[in-house]
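First comes the structure, then the notes that go with it.
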Amino acid sequence: MREFKPARFLLRGSVLLIGLLTLWWFALLDPMLFLLKSAAGDFVRIEENPSGDWSLRVRVEKTVPATDLQPMARQIHSVDFDMQRSDVITFTFSLPVYWAIILATPGVRRNLRPLLWGTALMSAVELTLLVVFAGIMASGVAAQLAGSEEAGGRWIRMFGVYLVVNVLPYATPFVVALLLHRELRGAVFAIGQPTATRAASDRGHRLERQRAKSNRV
Amino acid sequence: MTKLRPFRFILIFTCCVLFAFGLLLTPPVQSVDVRFSRTLVKVAYCLVMIGGGHATRDAATLRAPGGFGVEMRDGCNAVNVTILLWSAVLAFPAPWKMKTLGLAAGSAIVQVLNMMRFISLFYLGQYSMTWFDFAHAYLWESLLALDTLVVFWLWAKRAMRPRASPDARI
């Protein structure tokens with residue numbers, strides 16, 4: 001088995017990231033947005049505006065209690081909100097990052113299986129993140145309308161949105177690559193490398209052998 | 001040295017990540033975060049001036065003479081990748097001395113790279129906003145995450161490296 005070298009991996013990975021993200025930005029972005037919209041259509045109603053922004057309709061069941069201004073209680077069935085194209089793009093960019101990580105590891109044939117499985121898994125993750133994001137946003141709007149928004153709930157929603165938008169799209173490709181690529185995982189976590197205990201015992205055996213040899217002489 | 005137990009690692013890593021990001025979003029830590037960003041912009045300003053460039057500084061914004069300004073907001077100060085690195089280091093079975101070394105050296109390397117990122121974005125934004133958006137939100141972020149993975153890899157390799165034990169040094 002060829003040894004993984006971190007510096008080599010970093011160099012290849014950086015070049016591949018620049019190449020694949022440029023390809024994604026100029027050629028793959030529109031088809032990927034189309035596929036994401038089609039796939040997310042089963043969970044959220046999405047319409048694309050001429051500007052490229054998305055209008056989402058999320059199903060939420062919530063009762064808005066009666067107030068002084070509105071004497072009758074109302075039932076909310078769905079919440080509509082818009083998402084800028086620049087925000088939607090975040091839910092497609094993890095895939096080229098994942099490809100770059102996998103292709104940066106040596107061995108074309110060895111990378112084929114994690115590449116295919118990972119592509120499917122990453123697509124599912126991106127779709128899930130979009131649906132979760134839409135759900136969190138819609139529940140926030142519904143809570144605001146119902147006047148039932150507490151500080152704790154607001155913080156949890158903010159925390160959820162932060163993870164879904166700022167952390168998971170960047171971290172997930174690396175986590176999935178480490179989960180699916182055995183050699184990469186073994187190299188990064190130094191699995192299979194001789195540990196201190198084993199190395200010491202090896203040295204001990206060697207010394208014993210040397211002593212036995214010198215006694216024989 | 002104990003062997004890496006995958007489930008233990010994943011559990012501790014996930015707990016550390018959730019705790020640290022939760023803490024990051026609390027008001028007291030947010031104010032520290034903003035002050036940290038301002039300090040980083042101050043350092044970037046000094047580096048630009050030392051390098052013979054022209055810029056002005058306004059709180060957490062670095063401004064070019066042409067009017068273009070780049071603000072270091074939450075997330076632009078590499079706190080996110082630092083949290084991921086710290087969580088991985090803390091979850092890894094290594095002696096505390098090695099962990100401390102990993103946390104300190106790893107954070108320093110990440111911050112140096114982030115400074116390069118910030119200054120390069122400052123110049124890129126003056127040239128093209130399209131390229132700035134692409135590099136800012138996607139390219140540099142993922143390059144920084146890749147660098148962080150390699151920093152962890154190098155540290156883990158060092159942490160697992162066999163050392164001479166007293167018994168073997170007869």
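The values are calculated or read from the model by the stated rules, or taken from the named source; none is laboratory data. Since this is a predicted model, take the numbers as computed values, not measurements. Please note: Cβ atoms are built from the backbone with ideal geometry, for glycine as well, and neighbour counts cover all protein chains shown.
Suppose we keep only residues that are surrounded by 13 or more Cβ atoms within 10 Å (Cβ to Cβ) and farther than 14 Å from A:Ala66 by Cα within the range A:145-157. Which one would you say is nearest to the other protein chains (Cβ to nearest Cβ)?
A:Trp155
What are the residues in the range A:58-116 that are within 14 Å of another protein chain (Cβ to nearest Cβ), among the hydroxyl-bearing types (Ser, Thr, Tyr) and surrounded by 12 or more Cβ atoms within 10 Å (Cβ to Cβ), if any? Let's see the steps before the verdict.
Looking only at the range A:58-116, we keep the residues that are within 14 Å of another protein chain (Cβ to nearest Cβ), and these are A:84-105.
Pick out the ones that are also among the hydroxyl-bearing types (Ser, Thr, Tyr) and you get A:86, A:90, A:92, A:94, A:98, A:105.
Listed by number, the residues that qualify are A:Thr90, A:Thr92, A:Ser94, A:Tyr98, A:Thr105.
Are any residues in the range B:72-90 more than 10 Å from chain A (Cβ to nearest Cβ), more than 16 Å from B:Leu113 (Cα to Cα) and outside any helix (DSSP H, G or I), and if so, which ones?
Correct list: B:Arg73 only.
Residues of the range A:1-12 being part of a helix (DSSP H, G or I), facing chain B (nearest Cβ under 9 Å) and either of a type in the set (S, T, N, Q) or in contact with a Ser or Thr (Cβ under 9 Å, 6 or more places away or on another chain) (or both), which ones? Walk me through it before giving the result.
Going through the range A:1-12, the residues part of a helix (DSSP H, G or I) turn out to be A:6-12.
Applying the additional criterion that residues be facing chain B (nearest Cβ under 9 Å) yields A:6-7, A:9-10.
The answer is A:Phe9, and nothing else.
Please verify whether A:Val141 is in a helix (DSSP H, G or I), at pLDDT below 95 and of a type in the set (A, V, I, L, M), treating the condition exactly as stated.
On the way: in a helix (DSSP H, G or I): yes; at pLDDT below 95: yes; of a type in the set (A, V, I, L, M): yes.
In short, yes.
Counting only residues that are part of a helix (DSSP H, G or I) and of a type in the set (Val, Ile, Thr), which one in the range B:23-48 is nearest to A:Gly153 (Cα to Cα)? Give the steps one after another, and end with the answer.
Restricting attention to the range B:23-48, the residues satisfying the condition of being part of a helix (DSSP H, G or I) are B:23-24, B:27-48.
Going one step further and asking which of them are of a type in the set (Val, Ile, Thr), we end up with B:29, B:32, B:34, B:39, B:41, B:43, B:48.
Numbers: B:Val29: 19, B:Val32: 24, B:Val34: 24, B:Thr39: 32, B:Val41: 34, B:Val43: 38, B:Val48: 43 Å.
This residue is B:Val29.
Of the conditions (1) over 28 Å from A:Trp155 (Cα atoms); (2) part of a helix (DSSP H, G or I), B:Ala94 fails just one. Which one is it?
Among (1) over 28 Å from A:Trp155 (Cα atoms); (2) part of a helix (DSSP H, G or I), B:Ala94 violates only (2).
Only residues that are surrounded by 17 or more Cβ atoms within 10 Å (Cβ to Cβ) and under 18 Å from the mean Cα position of the chain (by Cα): list them for the range B:40-72, please.
B:Leu40, B:Val41, B:Ala44, B:Ala60, B:Met72
Looking at A:Phe4, A:Phe43, A:Phe9, which is the one that is at pLDDT 90 or above and among the hydrophobic types (A, V, I, L, M, F, W, C)?
Values: A:Phe4 fails: at pLDDT 90 or above; A:Phe43 fails: at pLDDT 90 or above.
Exactly one residue qualifies, and that residue is A:Phe9.
Let me spell it out: the conditions are (1) within 24 Å of B:Ser142 (Cα to Cα); (2) within 19 Å of the chain's Cα centre (by Cα), and A:Arg110 meets all of them except one. Which number is the exception?
(2)
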